[in-house]
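Asker: Quick one: the structure is below, questions incoming.
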Amino acid sequence: MKEIHRLLRLTPNNFLGEVYRILLNREPDQEGYFTYSNLLKDGWSYSFIIHAITQSPEYEKCSDASTLRLNLFIQTYKLAQRKSIVGWFARNIYMAESDFLRDRMLRKVARKDEFVNFSNAFINEQEILSNYWQTLYNDLFTRSRFLYYKIAGQIVKESASSFSKKIEQLNSPFSDYKVIQFWDSKLIPSDVLAYMDKWAEMYQGRYLRFDDFDAESFIRENYSEDFVMAYKGCWHPAMKSDFFRLCYLYTNGGCYVDADELPLAPLPNIDLESSQFIILKPYIRIKDGDKLKNLRITEYVEKYDVYREAEVYFNNAPIIVSSKNPIISSALLRAKSIILSDEKYKMSIHDITGPTNLSLSILVHFFFFGIRGAKPVNVISINWERYARMGSANELTYKNDDRDWRKKSRLDQKNIKITS
């Protein structure tokens with residue numbers, strides 16, 4: 001009974017996961033989660049949800065010696081729905097919840113903000129912004145990709161040409177941001193581990209390494225259950241890495257570096273809290289006959305008029321960013337929405353959680369703030385070749401098999417079920 005009373009004190013975002021674990025000894029499935037989540041949003045009481053779950057055949061198989069005490073709780077809840085003197089006693093003496101229309105409406109209003117915000121930091125306009133995602137995605141990337149590349153190219157040109165000046169403005173001798181990396185297993189291949197250890201040696205106490213268990217634990221601790229479900233719904237380790245870095249960086253800020261990067265020089269000493277900014281590596285390609293050729297950022301900036309038609313987007317690694325950054329939150333919301341829908345079966349990792357997702361977040365952010373006449377986040381393009389280099393397939397064996405997301409068929413994702 002103590003567990004039930006503890007449940008009644010939780011926030012709606014945390015209640016469903018806990019009630020499933022206590023009553024059914026498992027994580028919530030996707031269908032059940034959204035069914036009960038919508039009921040909570042409509043103002044139905046926690047007691048109603050507990051009662052509904054205890055009526056299921058699955059609960060009957062899981063019930064144990066505590067069932068008698070739970071039955072007393074349910075019986076009191078049922079009495080509270082009466083408009084007689086018995087119902088009054090249940091509500092006012094035993095403090096049982098009622099689901100009269102007036103009570104549901106009051107709870108619906110009270111819970112509104114709790115369902116909008118996550119990580120104790122989301123601003124309401126981020127949810128407003130997310131409502132425009134699908135339309136803007138189609139307009140910018142599917143129907144008008146040339147416009148997408150032109151706007152991204154202009155951002156790269158302006159930010160890369162002033163990189164030194166912007167970094168100087170953010171410079172701090174007391175820079176202490178964390179450098180984080182992810183590998184899904186605790187058993188890291190020796191060639192990859194050698195690369196990651198170089199970052200650990202360089203940053204020591206400022207270095208953090210996460211595996212699948214650590215990443216899920218972080219998300220569960222800092223976000224609501226739907227974000228945990230989205231993480232577990234990622235069908236490839238690279239996708240989980242993409243989603244986790246957004247969760248971590250939104251909450252704490254810092255620098256995310258991919259596991260296949262070998263450090264060449266220390267990263268810039270900057271104060272992450274001095275302003276809202278994001279430092280990213282642009283990826284630029286031009287047509288070279290029937291193929292696409294990668295272009296160095298310095299050459300692109302110097303010959304911008306020549307390369308106006310280049311394909312431009314921002315990589316989602318490295319990312320150096322301030323905490324509670326609206327670009328990161330927009331990318332996170334969009335990724336979550338797609339992962340928890342059937343749209344993920346039609347799209348690549350690159351588009352759902354990868355560079356396309358982040359690049360679109362930047363462009364929509366600029367549109368959104370431009371319309372409002374507000375100052376957008378400072379996007380800074382970094383010449384990453386000065387600081388690190390990517391390991392080749394000859395150096396890192398995982399790039400030759402399906403551990404490399406590019407070699408894994410996305411149709412395989414249909415065999416993965418979201419259970420949390």
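Asker: What number comes out for the charge environment of Asp212, summing +1 per Lys or Arg and -1 per Asp or Glu over other residues with Cβ under 11 Å away?
Answerer: Taking every other residue near Asp212 into account, the sum is -1.
Asker: So, counting K/R as plus one and D/E as minus one, what does the shell of residues with Cβ under 9 Å around Gly17 add up to? Walk me through the numbers on the way to the answer.
Answerer: Values: positive: Arg21, Arg220; negative: Glu18, Glu27, Glu225.
Charge balance in the 9 Å sphere: -1.
Asker: Okay, next question. Would you work out the charge dipole size for region 222-267 about its Cα centre, treating the Cβ of every Lys and Arg as +1 and the Cβ of every Asp and Glu as -1, and quote it to the nearest 20 debye? Spell out each step's value before the answer.
Answerer: Details: 3 positive and 6 negative charges, 17 e Å.
With Lys and Arg at +1 and Asp and Glu at -1, about 80 debye.
Asker: What does the charge add up to near Leu101, with Lys and Arg as +1, Asp and Glu as -1, over the other residues with Cβ less than 13 Å from its Cβ?
Answerer: Working: positive: Lys83, Arg102, Arg104, Arg107, Lys108; negative: Asp42, Asp99, Asp103.
Net charge in that neighbourhood comes out at +2.
Asker: Which of Val321, Ser348, Ile362 sits closest to the plus end of the dipole of region 251-397, meaning its Cα is farthest towards the positive end, when Lys and Arg get +1 and Asp and Glu get -1 on the C-beta?
Answerer: Ranked along the dipole, the leading option is Ile362.
Asker: Any idea which of Leu272, Tyr307, Val257 is furthest toward the positive side of the dipole for region 252-317, if Lys and Arg beta-carbons carry +1 and Asp and Glu beta-carbons -1?
Answerer: Tyr307
Asker: What size of dipole, in debye to the nearest 20, comes out for region 232-314 about its Cα centre when the only charges are +1 on Lys and Arg C-beta atoms and -1 on Asp and Glu C-beta atoms? Each step should come with its number before you reach the end.
Answerer: On the way: 11 positive and 13 negative charges, 54 e Å.
Charge dipole of region 232-314: 260 debye, to the nearest 20.
Asker: Name the shape class, rounded, prolate or oblate, that the alpha-carbon gyration tensor gives for region 169-274, where a ≥ b ≥ c are the square roots of its eigenvalues, rounded holds for a/c under 1.5, and otherwise prolate holds if a/b is larger than b/c and oblate otherwise. List each step's numbers first, then the result.
Answerer: Values: a/c = 2.45, a/b = 1.27, b/c = 1.92.
It is oblate, given that a/c is not under 1.5 and a/b is not larger than b/c.
Asker: Which FRET efficiency value, to the nearest 0.05, do you get for Ser217 and Gln75 by plugging their Cβ-Cβ distance into 1/(1 + (r/R0)^6) with R0 = 35 Å? Let's see the in-between values first.
Answerer: Values: r = 37 Å, r/R0 = 1.06.
The value I calculate is 0.40.
Asker: Taking amide H positions as placed in the peptide plane 1.01 Å from N, state which residues far from Ile319 in sequence (5 or more) or on other chains have amide H under 5 Å from it.
Answerer: Tyr256
Here, each number is a calculation from the coordinates, and none is a lab measurement. Since the structure is predicted, the reported quantities are computational estimates derived from the model, not experimental observations. Cβ sites come from the backbone with ideal geometry, for glycine too, and all protein chains shown count toward neighbours.
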